[in-house]
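These notes concern the structure reproduced below.
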Amino acid sequence: MADAENSLLGETTCGSLLQKLQEIWDEVGESDEERDKMLLQIEQECLDVYKRKVEQAANSRAQLLQVLSDAKLELSTLVSALGDKSSVGIPEKGSETIKEQLAAIAPALEQLWKQKEERVKEFSDVRSQIQKICGEIAGNASEQTGALAVDDSDLSLKKLDEYQVKLKELQKEKSDRLSKVLEYVSTVHDLCAVLGMDFFSTITEVHPSLGDSTGVQSKSISNDTLSRLAKTVSALNEDKKQRLHKLQELATQLIDLWNLMDTPEEGRRLFNHVTCNTSALVDKVTGPGALALDLIEQAEVEVDRLDKLKSSRMKEIALKRQVELEKIFASVHIEIDPEAAREKIMALIDSGNVEPTELLADMDNQIMKAKEEALSRKEILDRVEKWMSACEEESWLEDYNRDENRYNASRGAHLNLKRAEKARILVNKIPGRTI
């Protein structure tokens, strides 16, 4: 039995098994009918086994065909999406078996998948930059946080180039907008300096990022920011014009009051920073604090002070003009009533019916006319003065001629002789008179 079992285990062919079975039946004494029945059973069992194997093989072939079909479809889809067929070695149709075809397609699929991953990353990077810049322009960059879905159906280089062209256009627009923003910020800074305003608070009211000095790229470039910057610059320029106009009015008033009250140069020099822009154009006023509110208020206070001082100083100034006028009249021997003139001036000032500048201008006009009158009379007065001097010398000469001791060598006699000679010359010049 042991030898039989070993022999049974050692041989596995159907013939040897059948032979062993026959030997066993002979030994047992099985009938032919029973043997035929068992052989039919064995044959049926073998058929069943073959059927199962055939079905399994058919199923396996169907699965492989489906896999091959899916692989070919995926290959076609990837090639279509990437639009780059020549760059991948796609197997040609042939008489290979299914497994050989799958083995040939696998490297191409693997390469195409790798290309797809790289291409999707490129698309994602470009579109993310496009989305970011569009968000910055629209003013909602902080809301663009989600990952962008990439369309797998078109990953061609042509489509990627289109996105890259669009990205370059947006990058240029961003650069132009950033330059405009920086230009506006610089203008706001200069205007705030001239107006004496706080630049940081002014610019951060437009957008908080504009006050950030850490990075240029972080500044807002949205349509709203540009619009608000333009309005801020316009408002500051208008404020600058109004302040300059106000300051020029105050400077003109200061100069008029100084001239009116004969303010010395030392006093005027204290407000050079106000009067230096009397006739300046708006664009030419660029000095820091040149139009600050405290400077304008300082000028207003000085104008008010001089206005109050003007009424008390007017009498003093007008009297000085009157004294000057009286001296000119006296020099040309014109008689006036100084007391009446002074009373009239005081009455005009006290009444307030005449502007101080008009009063002083009228007095200056009188002084000018008096000087012209004095100049026209100068020649006549000089002749009269010379005539009176000659008459005085003639009288002295007559007294000298009657003096019997005029030739004595007393002290000072030679001086009298010289004077007598000069007197004779002057007297001889008097019309109708000879000695």
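The values are calculated or read from the model by the stated rules, or taken from the named source; none is laboratory data. The shown structure was predicted, so the numbers you read here are calculated from the model rather than taken from an experiment. Don't worry about glycine lacking a Cβ; one is built from the backbone with ideal geometry, like all the others, and counts go over all protein chains shown. SASA here: full protein model, heavy atoms, side chains in, ligands and nucleic acids out. Shrake-Rupley method; radii C 1.70, N 1.55, O 1.52, S 1.80 Å.
Points to keep in mind about this one:
- Test: residue in the range 203-212 that is assigned to a helix (DSSP H, G or I) and open to solvent by 50 Å² or more (accessible area, probe 1.4 Å): yes
- Selection of the range 18-36 for residues being surrounded by 12 or more Cβ atoms within 10 Å (Cβ to Cβ) and assigned to a loop (DSSP other than H, G, I, E, B) yields only Glu30.
- The set of residues in the range 37-69 that are surrounded by 11 or more Cβ atoms within 10 Å (Cβ to Cβ) and within 28 Å of Ala103 (Cβ to Cβ) comprises Ser60, Arg61, Gln63, Leu64, Leu65, Val67, Leu68.
- Contact annotation: no residue pair with Cβ atoms under 8 Å, 6 or more positions apart or on different chains, pairs a residue in the range 371-388 that is modelled with pLDDT under 75 with a partner that is among the basic types (Lys, Arg).
- Complete set of residues in the range 175-201 that are within 27 Å of Gly135 (Cα to Cα) and either crowded, with 17+ Cβ neighbours inside 10 Å or touching a Ser or Thr at 6+ places or on another chain (Cβ under 8 Å) (or both): Arg177, Val181, Tyr184, Val185, Val188
- Applying the criterion of at least 3 residues that are open to solvent by 50 Å² or more (accessible area, probe 1.4 Å) and more than 30 Å from Glu373 (Cα to Cα) to the helices (runs of 4 or more DSSP H) found wholly in the range 245-363 leaves 265-269, 293-331.
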